[in-house]
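**Q** Let me give you the structure first, and then I'll get to my questions.
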Amino acid sequence: MYTREQASQLRQAFWTAFGQYIAPHPSAEGLRINWSNYKTGIKHVYFRMRAEKKTASIGIEITHPDPEIQELFYQQFLELKLYLHETLGEEWEWELHGTNEYGETITRIYKEISPVNIFNRDDWPALISFFKPRIIALDEFWSDAQYSFDALK
């Protein structure tokens, strides 16, 4: 078992290692990018990577406080579902109005793997291999698809 500080240090070490590993890869538009803290440019729409004790996930999260507006974003993503899955090379899970760890209503489009453990350094290559191609594919998708969301900004 780790103390809170040790757990925090291990998480930070993983995300630093991931950031260093992926940093040389430019965005789809050829720019330098902070892959670990990806900015979509649209408030309440995030690309999130999470790694925990048993699972890891990457996904698109829509966190707008109004569930009806969340659904509008979700519907727009549904319009682009085929393109998203083609760009990712796989199908993801779609969840309208789920709940996050804080009890807030969120909408997610995501992919999850298990068993992996961020606190086990032996799992880090598997985590990096899971996250890297998917965040790059999300960026490629977003470089074209983001304009479909201009009316919802």
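**Q** Do the conditions hold for TYR83, that is, is it open to solvent by less than 40 Å² (accessible area, probe 1.4 Å), out of contact with any helix residue (DSSP H, G or I) (no Cβ under 6 Å at 6 or more places or on another chain) and at pLDDT 95 or above?
**A** No.
**Q** Moving on. Which residues, taken from segment 103-115, are in contact (Cβ under 8 Å) with a residue 40 or more places away in the chain, closer than 29 Å to PHE73 by Cβ and of a type outside the set (Ser, Thr, Tyr)?
**A** GLU104, ILE106, ARG108, ILE109, LYS111, GLU112, ILE113 - these are the residues of segment 103-115 that are in contact (Cβ under 8 Å) with a residue 40 or more places away in the chain, closer than 29 Å to PHE73 by Cβ and of a type outside the set (Ser, Thr, Tyr).
**Q** A further question follows. Looking at segment 48-67, I want the residues that are free of Cβ contacts under 8 Å to residues at least 40 places away in the same chain and have a partner that is part of a loop (DSSP other than H, G, I, E, B) and not acidic (Asp, Glu) with Cβ atoms under 6 Å, at least 6 apart or on another chain. Which pairs are those?
**A** Taking only residues 6 or more apart or on different chains, the pairs are HIS64/HIS44.
**Q** Next question, about the same structure. Among the residues of segment 37-66, how many are open to solvent by 50 Å² or more (accessible area, probe 1.4 Å) and within 21 Å of TRP92 (Cα to Cα)?
**A** 7
The values are calculated or read from the model by the stated rules, or taken from the named source; none is laboratory data. Not measured: the values here are computed from a predicted model. Every residue, glycine as well, gets a Cβ built from its backbone with ideal geometry; the counts of neighbours run over all protein chains shown. Just the protein is used for accessible areas: all its heavy atoms, side chains included, with ligands, DNA and RNA removed. Shrake-Rupley method; radii C 1.70, N 1.55, O 1.52, S 1.80 Å.
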